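As structure tokens, the structure follows; a few thoughts come after it.
The values are calculated or read from the model by the stated rules, or taken from the named source; none is laboratory data. Source: prediction; values computed, not measured. Because the Cβ atoms are built from the backbone with ideal geometry, glycine has one as well, and the counts that use them run over all protein chains shown.
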């Protein structure tokens, strides 16, 4: 069976295909550092539709297309008018006649699915409220630069948000050990958990859920966190701070994993989910993660557009 047309969820992909993308990401990074930019996407054009603010996703997709010889076009929601000027399906049908692929960063995950269903070109999920698969691929690249994924324990501490959901999918498909520490009220989405646990039964992944951050972190090789208040949740900020305060990644928590490397997908709310001394400290590999967004996404683009 061939790989999916789109890159919406890691749960849609087979382990061997994701491993192939990761291997290519490592190779592209090595070549980039040698000053080599293979022109594998020469003549290819990518449309980028962004409903939410973006630094890493926008820059790395546009830079990645340019480095591989292609071109990217930024589309703002007020310019396109999905749902006001025309339907998502009509937008997808138009873009399918003009460009070779599309990245969509939206609030509603159903919108990305609607675009993909109508498009004849590949659609890449650049982040929705449900999933962030491109971030998870950069995370996997960052981990596998340092360790065998199947031999380490990764602890995720905080909100069971889109990043947690995609990490859950990644480990469920590829195997390895993922420990998720969240309040019971903010676990990863039920539909994501159910599908991931079914995939984990086949891959042998070891996935655990807990409300105790110390239990998750104890002896872990990597400790990961993300913001407590994501885009679109600003009205809940104060309530979330109170709820998640015991889940802060700080020096006290890291005493239970003294050799762990610390990860964060950024942007960080310093002093909330993570303290400055940890984010900027010797255990942090946060900016390595950010760097790898470029190379992981170039590998995804090659997989879909060539």
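Residues in segment 171-194 that are in contact (Cβ under 8 Å) with a residue 40 or more places away in the chain and part of a helix (DSSP H, G or I): 6 in all. Of all residues in segment 270-290, those satisfying the criterion of being part of a helix (DSSP H, G or I), farther than 12 Å from residue 226 by Cα and touching a residue at least 24 places away in the same chain (Cβ under 8 Å) are 277, 278, 288, 289, 290. Within the option set 115, 111, being crowded, with 20+ Cβ neighbours inside 10 Å and either assigned to a helix (DSSP H, G or I) or in the same structural domain as residue 264 (by TED's automatic domain parsing) (or both) holds for one residue only, 115.
Note on segment 91-100: residues that are in contact (Cβ under 8 Å) with a residue 24 or more places away in the chain and in a helix (DSSP H, G or I) amount to 6. Take segment 187-199 and flag every residue that is more than 21 Å from residue 158 (Cβ to Cβ) and touching a helix residue (DSSP H, G or I) at 6+ places or on another chain (Cβ under 6 Å). Result: 195, 199. Restricted to segment 243-258, and to residues there that are out of contact with any helix residue (DSSP H, G or I) (no Cβ under 7 Å at 6 or more places or on another chain) and assigned to a helix (DSSP H, G or I), the residue that is surrounded by the most Cβ atoms within 10 Å (Cβ to Cβ) is 244. One residue stands out in segment 144-165 among those that are in a loop (DSSP other than H, G, I, E, B) and touching a residue at least 60 places away in the same chain (Cβ under 8 Å): the one that is farthest from residue 258 (Cα to Cα), namely 161.
Which of the residues spanning segment 191-242 are at pLDDT below 95 and loosely packed, with under 15 Cβ neighbours inside 10 Å? Within segment 191-242, 232, 234, 235, 236, 237, 238, 239, 242 qualify.
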